[in-house]
1. Scan region 37-54 and report the pairs whose first residue is closer than 16 Å to Leu4 by Cα and whose second residue is in a helix (DSSP H, G or I) and β-branched (Val, Ile, Thr), with Cβ atoms within less than 6 Å and a gap of 6+ or a chain change.
2. Can you tell me how many residues in region 424-442 are part of a loop (DSSP other than H, G, I, E, B) and either farther than 20 Å from Leu461 by Cβ or touching a residue at least 60 places away in the same chain (Cβ under 8 Å) (or both)?
3. With the structure loaded, tell me whether Arg262 is touching a Lys or Arg at 6+ places or on another chain (Cβ under 9 Å) and either of a type outside the set (Val, Ile, Thr) or within 21 Å of Asp16 (Cβ to Cβ) (or both) or whether it fails that test.
4. Starting from residues that are charged (D, E, K, R) and surrounded by 13 or more Cβ atoms within 10 Å (Cβ to Cβ), keep the ones in region 307-342 and report whichever is nearest to Thr296 (Cα to Cα).
5. Please specify each residue of region 229-281 satisfying the condition of being aliphatic (A, V, I, L, M), surrounded by fewer than 14 Cβ atoms within 10 Å (Cβ to Cβ) and touching a Ser or Thr at 6+ places or on another chain (Cβ under 9 Å).
6. Filter region 295-314 for residues that are farther than 21 Å from Arg335 by Cβ and touching a helix residue (DSSP H, G or I) at 6+ places or on another chain (Cβ under 8 Å) and give the result.
7. For the list (1) within 30 Å of Ser202 (Cβ to Cβ); (2) modelled with pLDDT under 95, I need the number of the one condition that Tyr234 fails.
Amino acid sequence: MDKLILPFGNGVGVLDKNRLCASMIDSSGNKIVGGKIVKEIKKIFTLPIIRGFTYLFWGLWLYISSFFLMQELDERPESDKNKSFKIAKNISIASIYIVLIAIIIAAFLFGFLFLAVLPSYLFRKAFPSNDNYYFRAFIVALLRFAFLYLIFVILRFAPFMSGLYSFNGAGNVHMSGKVETLRPRTYPLNFLNFLVNVFLFSTFVITLVGINVFWPLNFLINLLLFLACVPVIYEALLFASKTKATWIKDIAIVTNWLVSIRPNTTQSEVLNVAVKELASYNDFEKIKSGRIAMSTVYAEMETKLKASDKFEESDCDWIIGTVLNKNRAETKLERSVSLKEYREILRACDRRAKGEPLSSIFGFVEFYGLKFDVNKKVLSPRMETEILVEEALKKIGECDCHSVLDLCTGSGAIAIAIAKYSDCKVYASDISKQALSVAETNAQKNDVKIDFSQSDLFKSLKKGRKYDIIVSNPPYIKSAEIEKLEIEVKKYDPRIALDGGEDGLDFYRKIIDEAKGKLAKKGWLMFEVGQGQSDGVIELMQKADYDNVQAVKDYNKIERVIYGRFSK
């Protein structure tokens, strides 16, 4: 029982090994979170058969512990708290065991005493002359099962139970891993469904067996039958939760729907807050009043970005780090943010969810450990372009290169990174005067010297000058596909930096042909290419007499960098 989710009317308790975390919505609608360390279950209690009893009794104990933990999180004045909070406040830790036993006894009495009267009465009315013991036991057992099931159905539609069942539904979605479908009944082994099954089927079994001796022995035998049902139900629900057979899960829905309602966005977020708190931190530092827990910030950002299909965990880190003016490592150490920072983060997140790139939101982007200003006049450098820089720096080290030219420099990211991390003389050119202005500003901010030129590829460059390495990330999107691009590219990147002609290879053909007259002997030509373009560029380079032509894959195993040497 490494993980267990316990729903409440206004929040959840989540157990992860020996750490219990509670997340809830307070009276102001804010999400608050806290936790504590609990004793870890010994291995013997997780063995088959025994683990069913562990799930029952340990789960009830954790339910009570979570309830008390939520009382501690509630910062309302005592006068504003309802009676249940006040009563709970006065219960000592030692009294919890008494409460636990009382819950079990009350449930037992309700299931096996109160329901005993009506079913027997109905049987006598329906079959007044039937004295068959086994027939009577079976019919009464069915009636008791049906009446108890009916009680759970009534509770299922009771308004005051909707919060409990919705949070349970959120837990089921999380435990089943089917977050994208939002089906709350796909995980049969949730604690509420387990309890419902135990009471339903133990009621049926005890009635069917129908032991009738003197009452203390009756009580003992019925209790043993009740306990015997516990591991059987647990193992059955565990199997139903793990199996890939959908028909078995469908059978489990007969009871699971009684305690599971589709969660709304807020309820899913509250659960996600607890999950992220457990995943991100080893302790449970109390969040100061007026501040927002970082786990809450991440959970709300994730909800917004997933709803628009723009979720990238790195985007969340980037937004938070930028607002807090901290790097990623420093951000991970933060436990909370101020209300002002929280609002600023969510405003940026809203803009990202609408398709606006981070570079446009903040006006700069990080690339190869450096910071670059960007605007609509230049293409925002992407993470995969760092591979082109890496390969260029490798060649500089291997071949004792002294000069590098960056064609179609844009923001200057490639040229500036190479200049920053090598001793080469770096040249950069672009056809756009506005792009060169941005690149020159970036070079100054990153304290590097680069010789910039406005040129349509090689046309206006100094005649006779040769380069040991020429690098380029030219426009390579097919003209017909530009309108199909995501809004963050189509709307916020300049078309001149995207359009690579009918097949996307126009610039590669020109550069490959003209670079031969600009490369020093055994100089290297290096490109970034689009997905699916590597074979075409390799063929162009080989036909143009380049040798040692190689392809380098990016982080997604896509051939992203192509380079070759011109030895003639």
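The values are calculated or read from the model by the stated rules, or taken from the named source; none is laboratory data. Keep in mind the model is a prediction, meaning the values are calculated, not measured. Positions of Cβ are generated from backbone atoms using ideal geometry, with glycine treated the same way; all protein chains shown enter the neighbour counts.
1. Between residues of region 37-54 that are closer than 16 Å to Leu4 by Cα and residues that are in a helix (DSSP H, G or I) and β-branched (Val, Ile, Thr), the close pairs are Phe45/Thr54; Gly52/Val230; Phe53/Val230.
2. Step one: filter region 424-442 for residues part of a loop (DSSP other than H, G, I, E, B), giving 424, 431-432.
Next, only the ones that are either farther than 20 Å from Leu461 by Cβ or touching a residue at least 60 places away in the same chain (Cβ under 8 Å) (or both) stay: 431-432.
Counting residues in region 424-442 that are part of a loop (DSSP other than H, G, I, E, B) and either farther than 20 Å from Leu461 by Cβ or touching a residue at least 60 places away in the same chain (Cβ under 8 Å) (or both) gives 2.
3. In short, yes.
4. Within region 307-342, the subset charged (D, E, K, R) is 309-310, 312-313, 315, 317, 326, 328, 330, 332, 334-335, 340-341.
Retained after the next criterion (residues that are surrounded by 13 or more Cβ atoms within 10 Å (Cβ to Cβ)): 310, 315, 317, 326, 332, 334-335, 341.
Working: Lys310: 19, Asp315: 16, Asp317: 14, Lys326: 19, Lys332: 14, Glu334: 12, Arg335: 10, Glu341: 13 Å.
Here the answer is Arg335.
5. Of everything in region 229-281, just one residue is aliphatic (A, V, I, L, M), surrounded by fewer than 14 Cβ atoms within 10 Å (Cβ to Cβ) and touching a Ser or Thr at 6+ places or on another chain (Cβ under 9 Å), namely Ala279.
6. Kept after step one, since they are farther than 21 Å from Arg335 by Cβ, are these residues of region 295-314: 304-312.
Once the filter is applied, which keeps residues that are farther than 21 Å from Arg335 by Cβ and touching a helix residue (DSSP H, G or I) at 6+ places or on another chain (Cβ under 8 Å), region 295-314 yields Lys304, Leu305, Ala307, Ser308, Lys310, Phe311, Glu312.
7. That leaves (2) as the condition not met.
Here's the yes/no breakdown for (1) in the same structural domain as Thr409 (by TED's automatic domain parsing); (2) surrounded by fewer than 21 Cβ atoms within 10 Å (Cβ to Cβ); (3) touching a residue at least 24 places away in the same chain (Cβ under 8 Å); (4) not in a helix (DSSP H, G or I):
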residue: Lys510; (1), (2), (3), (4): yes, yes, yes, no
residue: Lys521; (1), (2), (3), (4): yes, yes, yes, yes
residue: Trp524; (1), (2), (3), (4): yes, no, yes, yes
residue: Gln531; (1), (2), (3), (4): yes, yes, yes, yes
residue: Gln550; (1), (2), (3), (4): yes, yes, no, yes
residue: Val561; (1), (2), (3), (4): yes, no, yes, yes
